[in-house]
Each structure stands twice: as C-alpha cells, then as structure tokens.
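Just below is one structure, and these are the notes that go with it.
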Amino acid sequence: MILNLLYISISGNSRSFAKRIQQLSEVKHEENSDCPLIHIKEIHDNVKIEEETSPYVVVVPTYLEGGNGLDSGDQEIMTESLRDYLDSQENHQLCLGIIGSGNKNFAHQYCLTAKQYAQQFDVPMIADFELRGNPKEIEKIYTILCDICQNYEAKD
Ligand SMILES: Cc1cc2nc3c(=O)[nH]c(=O)nc-3n(C[C@H](O)[C@H](O)[C@H](O)COP(=O)(O)O)c2cc1C
C-alpha cells in the first residue's frame with residue numbers, strides 16, 4: 001500500500017521528519033513488500049488545494065499566539081493553510097491520523113495544534129515527536145503507520 005503523508009513545515013523540522021520517514025519506508029518496503037511506502041506532499045500557503053483521493057496522514061507543528069493551552073484562548077498561526085486544506089473538498093474524510101511536532105518546553109501547549117486538528121476533523125491523533133524526531137521516534141511512528149495501513153486494508 002502507498003500511504004500519503006501531508007505536512008506543513010515552517011522551520012524545516014516536519015519536512016526533515018517527512019523525508020526521513022519516506023526514506024525508511026523505502027528500505028522497509030524493499031525488505032518486505034507488505035510494508036507501506038510513504039509518499040510525502042508539502043502544503044504551504046501557495047499550494048493549490050486539491051481533492052485528496054487516497055488515504056493519508058498529516059504532520060503538523062504547533063505555532064500559537066497567546067494563551068496557555070489550558071483556559072485562556074490561543075490562536076493558531078503559520079499553519080492555517082494545512083487546516084484550510086483539510087477543511088476543503090471534504091479532504092479530511094480520507095485522513096487516517098494526525099501526527100504532531102512540537103517542543104515539550106511548551107508544556108500544556110505541546111503539540112496542541114495536532115490535538116485541535118484531531119478534534120475538529122474527528123480523526124485520531126496517532127503520534128507526536130519533538131522537533132525533527134529522532135531515529136527511534138521515526139521507527140516507532142513508521143510501525144504505527146504500518147498498523148494503520150493494515151487496518152485500512154482489512155476494512156476494504
Ligand atoms: C514562535 C514559536 C511558537 C511555538 N509554539 C509551540 C507550542 O505552542 N507548542 C509546541 O509544542 N511547540 C511550539 N513550538 C515549537 C515548534 O512546534 C517545533 O519547533 C516544531 O518542530 C516546528 O516544526 P517545523 O520546523 O516543521 O515548522 C513553537 C515554535 C516557535 C518558533
């Protein structure tokens with residue numbers, strides 16, 4: 001199976017994660033063709049919104065203005081084009097999961113945007129990683145994506 005991974009990246013961390021998990025998927029797929037290949041697609045302000053026709057997962061970092069992640073409001077900044085993309089053309093219906101990139105120094109706001117996407121689009125949050133993600137996190141998240149693909153194919 002091919003699983004698409006859509007991401008947005010402001011400072012390069014999510015892009016680096018996406019490229020490395022794609023590379024890992026190529027190695028794993030070569031060893032065992034049951035392992036899914038990950039195809040990546042970057043979303044940014046100038047990307048034309050297309051209708052997604054294959055299942056995919058999303059990687060979103062958190063950038064917020066104001067608030068504390070608990071009881072005072074917070075405003076998503078810089079990543080809104082990905083939210084708009086999911087919101088358009090019923091795109092979120094083929095989204096199988098949200099992965100957050102964040103920084104644990106932000107405490108309660110850690111990966112808050114990923115949590116908010118999961119809630120808004122009624123899609124599970126399947127993983128999180130700090131900054132670019134280390135090799136162990138990438139391996140672990142690839143295993144999660146393998147399980148998701150297996151479940152998806154079993155349902156079909
Ligand atoms: C201005 C600013 C605000 C941020 N706010 C948060 C936050 O509220 N929660 C969080 O988990 N990470 C926060 N981060 C960390 C980023 O989400 C993290 O560095 C992420 O890996 C960036 O991904 P990117 O390089 O793909 O854009 C913030 C970073 C910056 C520069």
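FYI, it's all coordinate maths here, none of it is from the lab. Just so you know, these numbers come straight off a predicted model, no measurement behind them. Heads up, the Cβs are rebuilt from the backbone with ideal geometry, glycines too, and the neighbour counts pull from every protein chain shown.
Brief remarks follow.
- Inter-centroid distance (Cα atoms) of the range 19-53 relative to the range 115-156, Å: 13 Å
- Taking a ≥ b ≥ c as the square roots of the Cα gyration tensor eigenvalues, the range 100-156 comes out oblate, since a/c reaches at least 1.5 and a/b does not exceed b/c.
- Using distinct alpha-carbon pairs, which all enter the 1/r mean, Kirkwood radius of the range 2-75 in Å: 14.2 Å
- Evaluated on the chain, the Kirkwood hydrodynamic radius is 15.8 Å, with distances taken between all distinct Cα atoms.
- Bridge type composition, the range 2-155 - antiparallel percent by DSSP, nearest 5: 10 percent
- Pairs from LYS41/LYS136; LYS28/LYS104; LYS48/LYS136; LYS28/LYS48; LYS115/LYS140 whose Cα-Cα separation, in the structure shown, is over 28 Å: LYS28/LYS104; LYS48/LYS136; LYS28/LYS48
- Put simply, the amide H of VAL59, placed in the peptide plane, has neighbours under 5 Å in LEU6, TYR7, ILE8, ILE99, leaving out anything fewer than 5 places away on its chain.
- Using only side-chain charges placed at the Cβ, +1 for Lys and Arg and -1 for Asp and Glu, the dipole size of the chain relative to its Cα centre rounds to 520 debye.
- Estimated 222 nm signal from helices in the chain, with DSSP H stretches of n ≥ 4 weighted -39500 (n - 2.57), rounded to 500: -12000 deg cm²/dmol
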